1. Can you give me the number of residues within region B:2-18 that are farther than 27 Å from B:GLN164 by Cβ and either assigned to a strand (DSSP E or B) or touching a residue at least 24 places away in the same chain (Cβ under 8 Å) (or both)?
2. Only strands (runs of 3 or more DSSP E) wholly contained in region B:136-245 count here; list those with 2 or more residues that are without any contact (Cβ under 8 Å) to a residue 40 or more places away in the chain.
3. Within region B:71-89, can you find the residues that are closer than 25 Å to B:HIS204 by Cβ and either more than 12 Å from chain A (Cβ to nearest Cβ) or open to solvent by less than 20 Å² (accessible area, probe 1.4 Å) (or both)?
4. Look through A:PHE175, A:PHE187 and report the one residue that is closer than 21 Å to A:ARG259 by Cβ, open to solvent by 30 Å² or more (accessible area, probe 1.4 Å), out of contact with any Phe, Trp or Tyr (no Cβ under 8 Å at 6 or more places or on another chain) and within 14 Å of chain B (Cβ to nearest Cβ).
5. Among the residues in region A:205-216, are any among the β-branched types (Val, Ile, Thr) and crowded, with 19+ Cβ neighbours inside 10 Å?
6. Which condition number does B:THR25 fail, the rest of (1) within 16 Å of ligand 1 (Cβ to nearest atom); (2) of a type in the set (Ser, Thr, Tyr); (3) more than 14 Å from every other protein chain (Cβ to nearest Cβ) being met?
7. In the list B:THR44, B:THR97, which residue meets the criterion of being within 15 Å of ligand 1 (Cβ to nearest atom), within 14 Å of another protein chain (Cβ to nearest Cβ) and polar (S, T, N, Q)?
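The values are calculated or read from the model by the stated rules, or taken from the named source; none is laboratory data. These figures come from a predicted structure and were not determined experimentally. Quick reminder, even Gly has a Cβ in these numbers, built from the backbone with ideal geometry, and neighbours come from all protein chains shown. Quick note on the areas: whole protein, heavy atoms, side chains included, nothing else; ligands and nucleic acids left out. Shrake-Rupley method; radii C 1.70, N 1.55, O 1.52, S 1.80 Å.
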Amino acid sequence: MKFIIKILKDFPAYLWSGWGAIASIFLFIAFWDIGNQVYGALVLPSPLETFKTLTTMLQDESVWKEINITLYRASVGFGLSLIFGSLLGLLAGFFVTASIMSRPIVTILVGMPPIAWIVLAMIWFGMGDETVIFTVIVASFPIIFVGALQGTRTLDDDLKEMADSFKLPWHMKFFDVYFPHIFSYVFPAWVSGLGMAWKIVIMAELLATSDGMGASLAVSRSQLDTPTTLALVVIMIGSLMFIEYIILEPIKREVELWRD
Amino acid sequence: MERLEVKGLNHHFGFTEILRDINFTLEKGQMLSIVGPSGGGKTTLLHLCAGLLDVEEGKVTNTFASNSFAFQEGRLLPWKNVIDNIALGLLAKGEKTSIAIEKSKKIALRFGLEESDFEKFPKDLSGGMRQRVSFARALVVEPSLLFLDEPFSALDIGLKKELQTVLIEMIANKEISILFITHDLMEAIRLSDEILLLKADPGHIVKKFTYSLPQNERDDKFVYGESAKILQDAEIIDTFELELK
Ligand SMILES: Nc1ncnc2c1ncn2[C@@H]1O[C@H](COP(=O)(O)OP(=O)(O)O)[C@@H](O)[C@H]1O
Ligand SMILES: [Mg+2]
């Protein structure tokens with residue numbers, strides 16, 4: 001609780017530090033506009049046109065429906081990865097054999113291109129929610145798993161010994177000695193897992209479903225509707241930036257305050 | 001009667017013999033120091049006595065009601081601030097949080113930490129400050145036996161003296177028994193009822209010195225005099241050979 005209050009208290013200062021980021025976004029938009037003037041509206045619509053399209057789209061209920069479908073798939077896939085990746089990673093980390101055995105599996109999961117997973121999932125599950133969710137899980141699970149595994153494997157034996165010398169009861173050992181260390185590994189892994197999930201969900205939808213934002217992207221592409229395409233891209237990037245910079249980054253800062 | 005008794009203690013790490021045939025007894029209210037060159041197995045011996053390492057050969061009997069440990073490297077929790085680190089042992093004993101924080105603040109001030117340091121994380125502390133926090137964490141639980149592993153090695157002279165005074169006071173009041181490790185002979189002479197000289201490769205006790213003058217009556221003259229006496233001892237010169245050069 002104390003923690004949440006501290007995050008909220010430091011939030012304005014954090015926002016203030018974001019001026020640099022905002023300036024660079026505006027710079028980016030300026031270059032975008034130059035690109036529009038050079039190549040024409042068919043190839044690259046102007047930022048203004050894109051944002052106009054975006055506003056009309058956001059007033060359209062059917063667009064929100066697509067966004068919700070995508071959100072649902074991404075959250076289910078990411079949620080499952082988060083729960084199972086963290087738990088299995090912890091478990092594997094506590095047993096040397098398990099962590100050695102899991103390494104090749106992780107390598108396969110990480111090394112296999114997502115597009116190959118999508119194709120396989122289409123064969124196994126057909127065209128629908130399962131295919132997308134499966135792909136999201138396969139892509140984000142190993143990242144979280146490895147984070148949890150490393151967090152557990154790198155626990156400091158000296159601190160465990162110290163905890164024993166003060167006869168810490170098990171709940172203190174867990175919350176005061178193990179958890180903060182493991183969390184400092186798992187949390188960044190959650191963040192990258194989330195970014196991965198959000199990218200993969202669009203890709204899987206584009207190839208394997210007829211609804212969701214990815215599918216909308218496929219439709220707008222086939223109609224050569226560049227403003228809509230770009231507006232969709234802006235939604236995807238905007239939502240990711242919102243989650244990452246407004247929600248996760250402030251938490252991460254507080255959580256890692258004690259680090260060098 | 002509370003006491004710590006070590007009998008015929010041997011220890012190996014792998015095939016390396018670290019300790020050979022260690023024998024001593026620490027009685028209640030006593031301060032026993034183990035002095036020796038670094039790498040001699042002092043830390044290992046202390047860990048064996050405190051039950052942090054399993055005894056392989058020999059016997060360690062500890063009948064003290066409670067004990068606590070100040071580690072050579074501090075071993076503070078990096079994600080807790082100074083006060084929360086100090087309070088750790090109190091909370092583990094089931095002390096109420098508000099009382100634990102109160103006691104921790106008091107002892108922190110007594111050990112030369114300042115109020116502005118209370119919220120700092122260990123990464124923002126100097127080596128000496130970390131040692132003080134570790135020392136405070138071990139003392140605040142008021143153990144009947146205290147294990148100290150070179151607790152003052154990173155402190156400057158003034159502060160070292162201050163903390164030594166704290167210990168001397170506690171010994172004079174018979175509040176505590178201490179097993180103390182140092183490589184500083186003068187420090188040992190100032191504080192101990194008994195000094196064991198541990199020689200390296202493998203660690204074994206070569207000499208034993210006892211001092212009956214109460215600690216709070218020992219002055220610099222006494223310490224220097226006794227040091228000079230000891231330093232004429234051939235065994236000592238041999239043990240500390242490397243360090244005297
Ligand atoms: N956990 C360990 N495993 C293997 N060797 C160790 C371990 N801990 C200490 N040693 C070795 O034991 C010897 C004595 O170490 P230590 O007890 O720390 O000496 P001191 O505290 O007197 O400096 C050293 O040579 C050290 O390398
Ligand atoms: Mg040592």
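1. So in region B:2-18, the residues farther than 27 Å from B:GLN164 by Cβ come out as B:7-18.
Now drop any that are not either assigned to a strand (DSSP E or B) or touching a residue at least 24 places away in the same chain (Cβ under 8 Å) (or both), which leaves B:7-13, B:16-18.
Looking only at that region, the number is 10.
2. Working: elements: B:145-149, B:177-182, B:194-199, B:204-210.
In region B:136-245, B:204-210 are the strands (runs of 3 or more DSSP E) which contain 2 or more residues that are without any contact (Cβ under 8 Å) to a residue 40 or more places away in the chain.
3. If the condition is that a residue be closer than 25 Å to B:HIS204 by Cβ and either more than 12 Å from chain A (Cβ to nearest Cβ) or open to solvent by less than 20 Å² (accessible area, probe 1.4 Å) (or both), then B:PHE71 is the only one that fits.
4. Numbers: A:PHE187 fails: open to solvent by 30 Å² or more (accessible area, probe 1.4 Å).
Every option except A:PHE175 fails the conditions.
5. Scanning region A:205-216, I find at least one residue that is among the β-branched types (Val, Ile, Thr) and crowded, with 19+ Cβ neighbours inside 10 Å, so the answer is yes.
6. (1)
7. Working: B:THR97 fails: within 15 Å of ligand 1 (Cβ to nearest atom).
Only one candidate qualifies: B:THR44.
Every residue, every condition in (1) at positive phi; (2) away from every other protein chain (no Cβ under 14 Å), yes or no:
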site	(1), (2)
A:GLY214	no, yes
A:SER220	no, yes
A:LEU224	yes, yes
A:PRO227	no, yes
A:MET241	no, yes
A:ARG259	no, no
